[in-house]
Amino acid sequence: MTFAAGGAEFQVMMGKTKKFFAVSLSCMVVLCVTVFVWIVSSMSRKSEGTISEIGMIYMSEMSIQLKQKFDAITELYLSQVEGIVRRTPPGSVSYGEEFLEELSLGSRIRAFDFLGLYTKDGECEVIYGDSVEIIDLGEFEELLVMGTPPFPLGWIPRGISCFCWG
């Protein structure tokens with residue numbers, strides 16, 4: 001009988017041990033799931049912040065590069081216009097057919113779509129290409145009067161928008 005009593009105690013002890021392990025395993029699973037959820041949400045917040053920061057850095061650098069490229073293209077076209085002026089200086093040639101032909105040749109060589117002479121009141125004499133309709137003529141005239149090189153937007157009669165260099 002002692003064996004039977006020992007067996008009952010053993011069974012009770014085994015039941016308690018199983019219950020302890022079951023409760024411990026359940027607590028560990030709950031703890032692991034809680035830690036996993038916390039880590040995932042923390043990483044998600046940090047990822048969103050990091051992605052936003054990378055996006056801001058990328059857009060800032062792209063803006064700088066686009067500005068540099070725009071400035072370089074602007075300088076290139078202005079130097080080409082200066083090349084036409086140097087090739088046909090206003091003081092060396094009298095205004096006439098020869099002067100207009102020289103200007104037209106200079107614009108064809110540089111692959112310009114349009115070359116025109118504008119007066120300070122906005123009147124245009126087309127030298128080469130299709131005429132261009134300036135979108136904001138008032139601002140264009142103000143810049144001409146101030147002596148600032150204007151860069152207006154315009155339309156070619158075929159419905160194509162263009163950027164004018166002056």
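A simple packing score, the average count of other Cβ atoms within 10 Å per residue, orders the peptides 70-79, 102-111, 34-43 as 102-111, 70-79, 34-43, with the highest score first.
Dipole of the stretch 35-111, Cα-centred, from +1 at each Lys and Arg C-beta and -1 at each Asp and Glu C-beta, to the nearest 20 debye?
Details: 8 positive and 10 negative charges, 80 e Å.
With Lys and Arg at +1 and Asp and Glu at -1, about 380 debye.
Computed over the stretch 1-146, relative contact order equals 10 percent, with contacts defined as Cα pairs under 8 Å that lie 6+ residues apart. A protection proxy built from the mean count of other Cβ atoms within 10 Å ranks the segments 134-143, 17-26, most packed first, as 134-143, 17-26.
Let me know the charge dipole size of the stretch 1-140 about its Cα centre in debye, to the nearest 20, where only the beta-carbon of Lys, Arg (+1) and Asp, Glu (-1) is charged.
Working: 12 positive and 19 negative charges, 444 e Å.
Using Cβ point charges on Lys, Arg, Asp and Glu, the stretch 1-140 gives about 2140 debye.
Throughout, read-outs are computed from the coordinates displayed, never taken from laboratory work. None of these values were measured; they are calculated from a predicted model. Cβ sites come from the backbone with ideal geometry, for glycine too, and all protein chains shown count toward neighbours.
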